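K.L.:
Here it is, the structure, as structure tokens.
The values are calculated or read from the model by the stated rules, or taken from the named source; none is laboratory data. Source: prediction; values computed, not measured. Positions of Cβ are backbone-derived with ideal geometry, glycine not excepted, and every protein chain shown enters the neighbour counts.
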Amino acid sequence: MKYVFVTGGVLSSVGKGIITSSIGRILQFRGFSVSAVKMDPYVNVDAGTMNPYQHGEVFVTEDGGETDLDLGHYERFLNIELSRSANITTGLVYREVIEKERRGDYLGQTVQIIPHVVEEIKRLLRLNASMSKCDVLIVETGGTVGDIESLPFLEAIRQLRIEEGYDNTVFVHVPLVPTLKATGETKTKPAQHSVQELRRIGIQPDVIVARAEKPLDQASKDKLALFTSVPERAIFTSYDVQSIYSVPIILEEQGMGEYLQKRLGLLNASVETNYNDEFDRWKKLVDNILDAKKSVNIGMVGKYTTLPDAYLSITEALVHAGANIGVKPKLVWIQSERLEREEELDDVFAGVDGIVVLPGFGKRGTEGKIRAINYARTRGVPFLGVCFGMQLAVVEFARNVVGLQGANSTENDPNTPHPVVDLLPEQASIEKKGGTMRLGGYKVVLTKGSRIHSLYSSEVIQERHRHRYEVNPKYIARLVESGLSITGLSLEGGRVEVIELRNHPYFLATQFHPEFKSRPLRPSPPYLGLLKAAVAHTEGIVEKVKER
Ligand code: GLN
């Protein structure tokens, strides 16, 4: 087993997750099988309880883990399915250690960070390595070198270098290398300091990926090489690009793949691939993203619109769908609360060719989302509702088509006269918030002849979930009588998973989150359907203008 350990320096949020994913992709071009792990030094046991404003989206794995959004990048770039165990947090490690201590496993020892906590981290990493059965495991440590809470994780990878051997481990350090606006000078000093900080804890990086605006000039590379003792040929730049999917290409073009392959002594690829085909396929994907001739405006209605990372998998799913049909989705972020005040929705949605009502929790902004759904339904604007977006579409339909005044989800109004969306029965007795939703992959049976069925071309699909509420079974008959099509039910329990409207260009909503399984080269059907309908919608408007 070979390990690539990725650490960050100077600043966080410089795209270390994308660089980690790209390193994996580069090794895949060469036919090596790759998996990835994210170590997050925060004390939460998982990302599930964290506010999306602080950490962005919670990424849900097939096995129901609520994980860091970087796992989403890994799955999308590497086209793999990760387990929840691929996200190791301080909280998780300590929980394991404390449980062992309570069981008496430590046989009277004093339980300490070194060795016990660090041993536990190493055990979890090795477990990931053996479970994934891959050639290379890429391990990203969140945060930046110098954070107090990162120390046990860095100590664990330092020890793994000794135990697994030099030839089987590579340390990649990703520092920010800024360019000063006033003088246009590139400054390597912060990177030098972060490497010093790494060395202080006993890690000498083998590779540096400088995160910079432009490719590093020779003088900066020389300087970095001199002060960090990293050979110049092992210094790469991840410079600003228009699409994150360009990053594997720019690193590969700088010779990173060849360097890593040699450094790790990776000789025989485990997967039969043709390097040129693989690389070309990826290049073509990027070209399709960058060169799209047409564009459509997609209104994204949600609560956290000032931090689009909160809906990362959805924005990526739209990029994948667009690349597939040569269309650029231009996202128009619309804060749902604003729609509660705004009088004229025609103004808000002017030029919008499709509307996504985003997932969410809690009452705030829900009436705005319901207005957006009403607009999409009555004006024939293509609409996709995801999770909460589906539940609120049912509320809108119940109020305005079935005529159930005051209908709502009990999440928003516990005393609603018509609880058309209600708590899942098994949720009633749950008190702890962490990890207790209906989570992960469940099978859904689609109705033959429905739109969703034709989108997936399959009768039984499996998609990921993250919710506590559902369409109330007591109201299904009345909704259907009034014209709502329920075209997807969970295989177990017959829960409402998909709704759609027939006499509408595209009105579809899912209880599941199709975005989590979208891949650059295999877009998610509901998002692809939305973009196609949005294109038809724009063209329809052009036609009408011509007629006039
Ligand atoms: N709040 C809703 C529920 O818990 C929807 C959740 C979501 O959109 N992910 O069912």
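K.L.:
Taking segment 282-296, which residues are free of Cβ contacts under 8 Å to residues at least 60 places away in the same chain, closer than 18 Å to Glu539 by Cβ and not small (Gly, Ala, Ser)?
P.N.:
We begin by selecting, within segment 282-296, every residue free of Cβ contacts under 8 Å to residues at least 60 places away in the same chain; these are 283-284, 286-293, 295.
Add one more test, that the residue is closer than 18 Å to Glu539 by Cβ, and what stays is 292-293, 295.
Result: Lys293, single match.
K.L.:
In addition: Which count do you get for residues in segment 20-48 that are within 22 Å of Asp147 (Cα to Cα) and not small (Gly, Ala, Ser)?
P.N.:
Residues that pass the stated criteria total 11.
K.L.:
Moving to a separate point now. Taking the options Ile88, Ile80, Ile121, name whichever one is outside any helix (DSSP H, G or I), closer than 23 Å to Glu164 by Cα and modelled with pLDDT of 95 or more.
P.N.:
Details: Ile80 fails: closer than 23 Å to Glu164 by Cα; Ile121 fails: outside any helix (DSSP H, G or I).
Unique residue meeting the criteria: Ile88.
K.L.:
List pairs: first residue in segment 331-360 and under 21 Å from Leu508 (Cα atoms) and of a type in the set (Gly, Ala, Ser), second residue more than 16 Å from the ligand (Cβ to nearest atom) and assigned to a loop (DSSP other than H, G, I, E, B) anywhere in the structure, Cβ distance under 9 angstrom, at least six positions apart or on different chains.
P.N.:
Gly354/Val381; Gly354/Pro382; Gly354/Tyr506
K.L.:
Next up: What pairs come out if I take residues in segment 378-389 that are within 10 Å of His537 (Cβ to Cβ) and pair them with residues that are away from the ligand (no atom under 16 Å from the Cβ) and aromatic (Phe, Trp, Tyr) whose C-beta lies under 7 Å away, six or more apart or interchain?
P.N.:
As it stands, the answer is Val381/Phe349; Val381/Tyr375; Pro382/Tyr506, since those pairs meet every condition given.
K.L.:
Assigned to a strand (DSSP E or B), in contact with a helix residue (DSSP H, G or I) (Cβ under 6 Å, 6 or more places away or on another chain) and within 16 Å of the ligand (Cβ to nearest atom): is that true of Glu470 in this structure?
P.N.:
Details: assigned to a strand (DSSP E or B): yes; in contact with a helix residue (DSSP H, G or I) (Cβ under 6 Å, 6 or more places away or on another chain): no; within 16 Å of the ligand (Cβ to nearest atom): yes.
In short, no.
K.L.:
Moving on to the next point. Would a scan of segment 136-154 turn up a residue that is in a helix (DSSP H, G or I) and within 27 Å of Gln28 (Cα to Cα)? If you could, list the steps in order and put the result at the bottom.
P.N.:
Step one: of segment 136-154, the residues in a helix (DSSP H, G or I) are 148-154.
Remaining after also requiring within 27 Å of Gln28 (Cα to Cα): 153-154.
Yes, because at least one residue in segment 136-154 is in a helix (DSSP H, G or I) and within 27 Å of Gln28 (Cα to Cα).
K.L.:
Among helices (runs of 4 or more DSSP H) lying entirely in segment 335-420, which contain 3 or more residues that are closer than 30 Å to Lys532 by Cβ and within 16 Å of the ligand (Cβ to nearest atom)? Step through it out loud before you land on a result.
P.N.:
On the way: elements: 336-341, 345-348, 366-379, 388-397.
So the answer is 366-379, 388-397.
K.L.:
May I ask you to verify whether Lys363 is touching a helix residue (DSSP H, G or I) at 6+ places or on another chain (Cβ under 7 Å), surrounded by fewer than 19 Cβ atoms within 10 Å (Cβ to Cβ) and within 15 Å of Tyr469 (Cα to Cα)?
P.N.:
On the way: touching a helix residue (DSSP H, G or I) at 6+ places or on another chain (Cβ under 7 Å): no; surrounded by fewer than 19 Cβ atoms within 10 Å (Cβ to Cβ): yes; within 15 Å of Tyr469 (Cα to Cα): yes.
No: the conditions fail for Lys363.
K.L.:
Looking at Tyr456 and the list (1) more than 13 Å from the ligand (Cβ to nearest atom); (2) hydroxyl-bearing (Ser, Thr, Tyr); (3) modelled with pLDDT of 95 or more; (4) over 22 Å from the mean Cα position of the chain (by Cα), which single condition is not satisfied?
P.N.:
(4)
K.L.:
Filter segment 336-374 down to residues that are within 19 Å of Thr538 (Cα to Cα), of a type in the set (Gly, Ala, Ser) and out of contact with any Pro (no Cβ under 8 Å at 6 or more places or on another chain) and give me whichever is modelled with the highest pLDDT.
P.N.:
This residue is Ala372.
K.L.:
Of Val10, Val34, Val60, Val6, which residue is more than 27 Å from Pro205 (Cα to Cα), in contact with a strand residue (DSSP E or B) (Cβ under 6 Å, 6 or more places away or on another chain) and buried (at least 19 other Cβ atoms within 10 Å of the Cβ)?
P.N.:
Details: Val10 fails: more than 27 Å from Pro205 (Cα to Cα); Val34 fails: more than 27 Å from Pro205 (Cα to Cα); Val6 fails: more than 27 Å from Pro205 (Cα to Cα).
Only one candidate qualifies: Val60.
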